[in-house]
Amino acid sequence: MDFREPLSAAAALASGALAGFVLTNPRNRAWTINASDREIDRWLSSQPTGVVVALVLAVIAVAGLQRSGSRRVSWILAAACALALIGARWVVPHAGGVDTLIALHFAKTATAGFLLGAAVAAVWGRWVSQLALTLGVASAFLLASVQRLPRGDTAYVEPASMSTSAIGEPPQWLLIGVLVLALASAVVARSQFRVQRLDRKSLLTALVGALALALLNRLLGAWIDDQEFGEPLTVWLIVAFSLAVILTATVLIARRFPGIDGRFLLAATGVTAAAVLVLDDLRTPRVTTPAAALLAVGVVALAAGIAVAVRVPPKWRRPQWGLGLAAVVPLLAAAWPDFGNDGVALLIRLAVLGCGTGFALAAALPGSAPVAVLGFALPFASLVFVAATTVPRSRVVYSGASTEHLPSSPASTAASDHLVGFVMLLVVAFCIYSVHERRSTPDDT
């Protein structure tokens, strides 16, 4: 019995989950550090910046490993990344201040970018391992923030511990698991099985796309965040403009990839838009649903979606079917914003989202490793979607000629809740249309 493939799949699953955990960047008002307002502002600003930098570094890592051609080197790099993250976890409790935490955050996100790139390079072209990596990354995207740091009962609380992230440091068992599995995969790797050959066109497009989407998400996401005290019409005009720019850029980049590989980028964008409202609910301190139940339902739903996508006939293996199922989530949010914020209903929403996400990503998996790593990293760096769903619902508005900022009225908040769901539904619908159009386009020669 050849145990290399199961071992590689396990290493890919764990590596994707670890990279995704580190790159998870929830927008959270419950700070995790004790510091002055100015220091907290710098810490908060560093969070999204580190994630978008990792998006670019992941593509660069794939490029370098494709040039090397060795799967063994890829797994050695993954093990080195796990070792670096273990070291960072050890250093965090001994950090002397905010500057140290920020430096560690940038080091961790950069390492996570290299880890994701190493995992993609090591397994791309091997079907089972590709699916395992998809499950690991998608599970981290949907479920990483289920882990919460200890907090008090107030909205603005003093932190219980120092951390480089709003969700804390990666679990020790996951760090050690990636280290052991990556080293074992490096030992048993066969030299005749090489990393996918370098495709300069796909690589260049992925690199330019990563740079463009990272820059746009960082700038436009910050622009929306700055409107927290803006008038409602101004906020929504900026949200609409930012979403239009992101979607236009995504479609243009997707069209530049050979064949139908660009579908993966569009599918990743669609599931991100469908997921943001559920993720916002999962990150709410008021959620009483046990973390174990959320993890079990989320992972099983993702695995089921992937399994169905693999087993259906090729003519039915279309990402738009998964996106259509995931679109039920923003549809519910548009019609009934309070449905499924906690309890069994939250588990149902998570299950629907997980099945749709798993099917969409598995059905759209590209042949090119640079396209794959860009699509895997993009949901974590989609800052515009996060800001577009949180700012309109949490902001306070300027009150006439007064110099005070007063909370939004209940009617205004309810209207924003409905509108946010409707806007995300439109984004998913646009991605479904773009995926269908891309499927109908003849393959590039």
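Tabulated values for the structure
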| quantity | calculated |
| --- | --- |
| The stretch 31-111, accessible surface, carbon-and-sulfur percent (1.4 angstrom probe) | 62 |
| Cα long-axis angle, helix 4-23 against the chain (0 to 90 degrees, to the nearest 10) | 20 |
| Spatial extent of the stretch 270-314: Rg and Dmax, with the Cα atoms as the point set, Å | 13.5, 43 |
| Helix-only mean residue ellipticity at 222 nm for the chain, each DSSP H run of n ≥ 4 adding -39500 (n - 2.57), per residue, nearest 500 | -24500 deg cm²/dmol |
| The stretch 71-113: projected area of the alpha-carbon convex hull, averaged over directions, in nm² | 2.8 |
| Solvent exposure of the chain as accessible area per residue, Å², 1.4 Å probe | 41 |
| Percent RCO, i.e. relative contact order, over the chain, from Cα pairs under 8 Å lying at least 6 residues apart | 23 |
| Debye intensity ratio I(q)/I(0), log10, the stretch 186-306, q values 0.09, 0.12 Å⁻¹ (C-alpha model) | -0.44, -0.73 |
| Net charge of neighbours whose Cβ lies under 14 Å from the Cβ of Ala118, counting Lys and Arg as +1 and Asp and Glu as -1 | +3 |
| Carbon plus sulfur fraction of accessible area for the stretch 173-329, probe 1.4 Å, in percent | 70 |
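The values are calculated or read from the model by the stated rules, or taken from the named source; none is laboratory data. Quantities reported herein were computed from a predicted structural model and do not represent experimental measurements. Cβ sites come from the backbone with ideal geometry, for glycine too, and all protein chains shown count toward neighbours. Side chains are part of the model used for accessible areas, which takes the heavy atoms of the whole protein and leaves out ligands, DNA and RNA. Shrake-Rupley method; radii C 1.70, N 1.55, O 1.52, S 1.80 Å.
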